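Inspection log for the structure reproduced underneath, given as structure tokens.
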């Protein structure tokens with residue numbers, strides 16, 4: 001193993017046979033031959049870490065909570081791969097094709113949905129949970145959560161071939 005770095009999903013690994021992989025407990029979530037890696041996109045993540053989208057000719061995967069020091073180690077093995085830093089706004093990441101957002105405040109949901117539509121995203125599905133029934137049988141409002149799955153629009157995909 002040439003490199004093994006922790007991330008929220010498990011480990012980002014570069015094997016001796018030049019495969020870039022994301023795996024956890026023996027399961028491979030994503031992999032690509034190293035020579036097919038075309039772009040790294042970084043976004044600010046939780047606790048000062050980065051969310052790194054690994055893009056290749058075979059697709060992309062976003063690894064969350066990668067430390068900056070560990071990302072620099074990964075970049076030393078891929079000096080030919082460009083790095084694009086984007087802000088916290090996920091809808092601006094050109095490497096992402098899907099995004100799942102969980103919203104508590106309707107205002108946040110509306111703001112992100114409007115921004116996403118303006119940047120080539122559409123809603124694929126949604127679900128809501130929240131509230132509960134008390135022991136006395138009254139419906140009590142809990143923390144409502146709405147989960148939205150966004151995907152790229154066909155027009156955006158046609159304009160940005162991989």
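The values are calculated or read from the model by the stated rules, or taken from the named source; none is laboratory data. Just so it is clear, the structure is predicted and the values come from calculations on it, not from any experiment. In this analysis, Cβ positions are derived from the backbone assuming ideal geometry, glycine residues included, and neighbour counts consider all displayed protein chains.
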Quiz item: From 87, 142, which residue is modelled with pLDDT under 85, within 16 Å of the chain's Cα centre (by Cα) and either exposed (fewer than 15 other Cβ atoms within 10 Å of the Cβ) or under 23 Å from residue 39 (Cβ atoms) (or both)?
Solution: 87
Practice problem: Can you work out which of the residues in region 52-69 that are surrounded by fewer than 16 Cβ atoms within 10 Å (Cβ to Cβ) and at pLDDT 90 or above is nearest to residue 94 (Cα to Cα)? | Solution: 57
Exercise. Could you tell me whether residue 99 is within 19 Å of residue 147 (Cα to Cα), at pLDDT below 95 and touching a strand residue (DSSP E or B) at 6+ places or on another chain (Cβ under 9 Å)?
Key: yes
Quiz item: Of all the residues that make up region 1-30, how many are in contact (Cβ under 8 Å) with a residue 24 or more places away in the chain and touching a strand residue (DSSP E or B) at 6+ places or on another chain (Cβ under 7 Å)?
Solution: 12
Self-check item: Scope region 98-110; condition closer than 30 Å to residue 57 by Cβ and touching a helix residue (DSSP H, G or I) at 6+ places or on another chain (Cβ under 8 Å); matching residues
Solution: 99, 101
